[in-house]
Amino acid sequence: MKEREEIYELLCAEISERRQKLDTESSDILTMLLLARDEAGEGMSDIELRDELMTLLLAGHETTATALAWAFYWIHHQPEICHKLLQELATLGDAPDPMTVIKLPYMNAVCSETLRIYPVLELASPREAKSPITIMGQTYPPGIILTPCIYLTHHREDLYPEPKKFKPERFLERQYSAYEFLPFGGSNRRCIGAAFAMFDMKLVLATILRNYNLVLVEKQPIKTERRAVTLAPAGGVKMVMTGKRMQVETKSPSVATV
């Protein structure tokens, strides 16, 4: 509780400072929240803003870490993917700009396919039908709760041929709509941290892949397990760091679980 109060103080100080020096041309999350208005034209209170920022910080921690664990698994389970990523990263030079990294097409495809095959959350936010609605021939009455299943959507054969295979190229070959690819949910309940999570994933992957050689400890496929509401790799993803890229290998490999 003490640590939570310290975080609250830091966030509230940031909110107060930003209110005094609000740049309406900025596109960062806090500015957008400060500029947001409800139907009555009212903005958010400091407490509401603080809670939104806490959600962004905390809800985006385990979920992004889980997605990264899956990404490292698939990238090294299929070495040709790692090779293609390294080739793409090599085009950026020694000190790539983060904004350039996040725009790399194959990097984006790998992250998207990671979130497709094993979305961190199986379900999107539930909706209550306000009027009769028909979906694929089935009619639902008002008052019924409908919950979109992200996992099942991402494994539809008609949308994603060979859905059990990890194929980043599918995201280079076509553009999927918000009703076909929805790892962060959709509509006005879409995860507020979606852009931040993708930014985070790409920078972490690029930084580690550019600097270290990693190999999987176990060759067999990793199973999924439920961790509260998330889908995570059972037992984590055990990897060995065999050395730094473009440098002499370390004498004793270190083992880490991501």
Q | Charge context of residue 71, other residues only, Cβ under 13 angstrom, K/R +1, D/E -1 | A | 0
Q | Within a Gaussian network of the chain (alpha carbon springs, distance under 10 Å), most fluctuating of 188, 211, 108 | A | 188
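Are any of the pairs 167/238; 103/164; 202/238 more than 24 Å apart by Cα-Cα distance, and if so, which?
Working: 167/238 22 Å; 103/164 26 Å; 202/238 20 Å.
Checking Cα-Cα distances, 103/164 exceed 24 Å.
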Q) Out of 54, 201, 99, any idea which swings most in a Gaussian network model of the chain, alpha carbons joined below 10 Å? A) 99
**Q.** Axial C-alpha extent at least 15 Å, average Kyte-Doolittle at least 0.0 - helices from the chain (DSSP)
**A.** 46-77, 79-90, 105-117, 194-211
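What ranking do 227-235, 37-45 get when scored by the average of other Cβ atoms within 10 Å per residue, highest first? Don't jump to the answer; show the numbers that get you there.
Values: 227-235: 14.3, 37-45: 9.1.
In descending order of packing, they fall as 227-235, 37-45.
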Q. Can you list the lysines whose alpha carbon sits under 19 Å from that of residue 244, skipping same-chain ones fewer than 8 residues off?
A. 84
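Read-outs: derived from the displayed coordinates by stated rules, not from any lab. Bear in mind the structure is a predicted one, so any value in this text is a computation, not a measurement. Positions of Cβ are generated from backbone atoms using ideal geometry, with glycine treated the same way; all protein chains shown enter the neighbour counts.
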